[in-house]
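A short write-up of the structure that comes next.
The values are calculated or read from the model by the stated rules, or taken from the named source; none is laboratory data. Note that the coordinates shown come from a computational prediction; the quantities given were computed from them, not determined experimentally. Neighbour counts run over all protein chains shown; Cβ positions are idealised from the backbone, glycine included.
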Amino acid sequence: MTQEVDPAAAAAMVGGVSPSAPSALPAGPQPVRAAVAVAVAEEAVAECRSLATVDPAVHNPALTLSLNTLSIRLAEAGRIDEGRAVIEEAVRLSRQLAAADPASAEAGLARSLNTLSNRLADTGRHGEALTAIEEAVAMYRRLADTSAATFEPAVAAVLNNLSTRLGEAGRGGEALSAAEEAVALYRRLSVVDPASFEPGVAASLSNLSNRLADLGRDEEARGAIDEAVALNRRLVAVDARAHQPALAAALNNLSARPAATGRGGEGRAASEEAVALYRRLAAESPGAFQPALATALNNLSVHRAEAGRGDAGRAAIEEAAAMYRRLSAANPAAYRSALADVLGNLSVLAEPGRRNHASPSAKGRSADHRSIPPLDLTGSAAGRAAGCRRPIRPEYQRRNPRGRHHAG
C-alpha cells in the first residue's frame, strides 16, 4: 500500500504550521467537497507564498507543506498532472531548505519525496517513483534513529509505498521484506494506539498478501488478506464512512486470491461485495473511486464466467471496459495496460459458446480470463482512501500468466 504521510502529522514533524485544511467543508456530494478542498489548499499556498516573499527563511517550510497538501487534494480530484507539478515544486524547495539546515528540514523533504513518488506512479513513471520513495525511506529511517516515537509511523507508511514500487519493478523478494517490516511496525504501534494505527495494520496486511501472492505463496497470502478483511470489518462497524474504501479494497484482494476462488464461492461473494461497495463510493466521488470500481468489475466478470453466468460476466466486463476507456483517454500511462487486459477479457466472453457455461477453473483461468491483480492500498492517486482516509486506485503488480508485468 502506498500512503501519503498525513500533512498535519508532517507539520508537527517539521515544526511548521498546518496549512488550511478542509476540516469545515460544507456537507454535500463528494465532488463538491473535493473542489472546495482544492480551493482551500490553493488559498493556503497563495498565503504561504505571499508570506515567503517577505521572509523566506521563516515561511518557506510552511509553503512546502501547503504545496504537499495541494498536490494530494489535486490528485483526489483527479487532477494528477497538476498534482505532480505542484509536488515537484515542493521537492525543489525542500531540497534547498535541507541543504541549508538538514536537521530541521530533512523531514519535510522526506514527506515531499513520498508524495512525489505517488504522483509519479499515478502517471506511469514507475522507475522515477521507486527512486523517490527509496530516498524518502532512507531519510525517515535516519530520523527514526534519532526519534523513534516521532518518525516510526512515517517509516511504516513509506515502507508500504516502497513495497508497492518494488513490486512494480518485479523485485518480489525485496518488496516482500518491505511489506513484512511495515506490518511489524504497524502492529507494534497499534498496541499502544489502536485507534490511530489499526487502519495501517489492515492496509499493510492487504499489501503483504499481494506481495506473498506475487511469489506464489498463496496460502500465506490468503491468511494475510483474511486478517485484513476481518480487521476492516471491525473498523467499518465503528466508522463506516472512514473505512469502507479499505474494506472494499481488501475484499477485492480476497476475491483475487487463488485459494479463495476454490472455497465454495467465497471469492465470488467477496467480489460481489467489493463491487457493491465501490458503486456506492463512486456515486459520491467518481474521480476517486471509478478506477477501483473498474478493477473490481473486471474481477467480478471472471468469477461470474467461472460460475457459468456468462451473460452476467459480460455485462460486468463491458462496464469495466467503458470505464477504462474513459480513464485511459485521460491518463494513458496509468490505465492503458489495464484497458488492454479488460478488452482481452471482453473478447473472450464474446466468443460464441463461451457466454453460457463455465470458463476454466481458477487455476486455468489464465488461459482465458485475466483477473486484474489486486489493489494495493496506496497513496498514489488512489490508494488514499483505503486505510489512510484517502481514495484508492488500482496498482497492477502481479505477473499475469502470459509473463507480462502490469505497471498501472
Test Ala132 against the stated conditions and say whether it is more than 21 Å from the chain's Cα centre (by Cα) and outside the structural domain of Ala288 (by TED's automatic domain parsing).
no
Matching option when the condition is out of contact with any helix residue (DSSP H, G or I) (no Cβ under 8 Å at 6 or more places or on another chain), more than 24 Å from Ala221 (Cβ to Cβ) and part of a helix (DSSP H, G or I), among Ala288, Ala312, Ala329, Ala282:
Ala329
Can you spot a residue in segment 261-279 that is out of contact with any helix residue (DSSP H, G or I) (no Cβ under 7 Å at 6 or more places or on another chain), within 22 Å of Asp214 (Cα to Cα) and at pLDDT below 95?
yes
Take Ala138 and tell me if it is modelled with pLDDT under 95, farther than 22 Å from Ala75 by Cα and surrounded by fewer than 23 Cβ atoms within 10 Å (Cβ to Cβ).
no
When you look at Leu189, is it in contact with a Pro (Cβ under 7 Å, 6 or more places away or on another chain) and modelled with pLDDT of 95 or more, yes or no?
yes
Taking the options Ala296, Ala283, Ala248, name whichever one is closer than 15 Å to Ala316 by Cα and at pLDDT 85 or above.
Ala296
Restricting to segment 56-81, name every residue that is modelled with pLDDT of 95 or more and either within 15 Å of Glu42 (Cα to Cα) or outside the structural domain of Val40 (by TED's automatic domain parsing) (or both).
Ala62, Leu63, Thr64, Leu65, Ser66, Leu67, Asn68, Thr69, Leu70, Ser71
State whether the residues of segment 186-200 include one that is within 22 Å of Glu76 (Cα to Cα), touching a residue at least 12 places away in the same chain (Cβ under 8 Å) and crowded, with 23+ Cβ neighbours inside 10 Å.
yes
Can you find a residue in segment 244-267 that is assigned by TED's automatic domain parsing to the domain that holds Pro291, among the charged types (D, E, K, R) and in a helix (DSSP H, G or I)?
yes
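Per-residue answers, yes or no, for (1) farther than 20 Å from Gly124 by Cα; (2) in contact (Cβ under 8 Å) with a residue 12 or more places away in the chain; (3) touching a Leu at 6+ places or on another chain (Cβ under 7 Å); (4) surrounded by fewer than 22 Cβ atoms within 10 Å (Cβ to Cβ):
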{"site": "Gly287", "(1), (2), (3), (4)": "no, yes, no, yes"}
{"site": "Ala292", "(1), (2), (3), (4)": "no, yes, yes, no"}
{"site": "Asn298", "(1), (2), (3), (4)": "yes, yes, no, no"}
{"site": "Gly310", "(1), (2), (3), (4)": "yes, yes, yes, no"}
The number of residues in segment 324-345 that are under 15 Å from Ser301 (Cα atoms) and surrounded by 22 or more Cβ atoms within 10 Å (Cβ to Cβ) is 5
Report every pair of residues separated by at least 6 positions or lying on different chains whose Cβ atoms are under 6 Å apart, first residue within segment 145-171 and touching a residue at least 24 places away in the same chain (Cβ under 8 Å) and in a loop (DSSP other than H, G, I, E, B), second surrounded by fewer than 24 Cβ atoms within 10 Å (Cβ to Cβ) and among the β-branched types (Val, Ile, Thr).
none
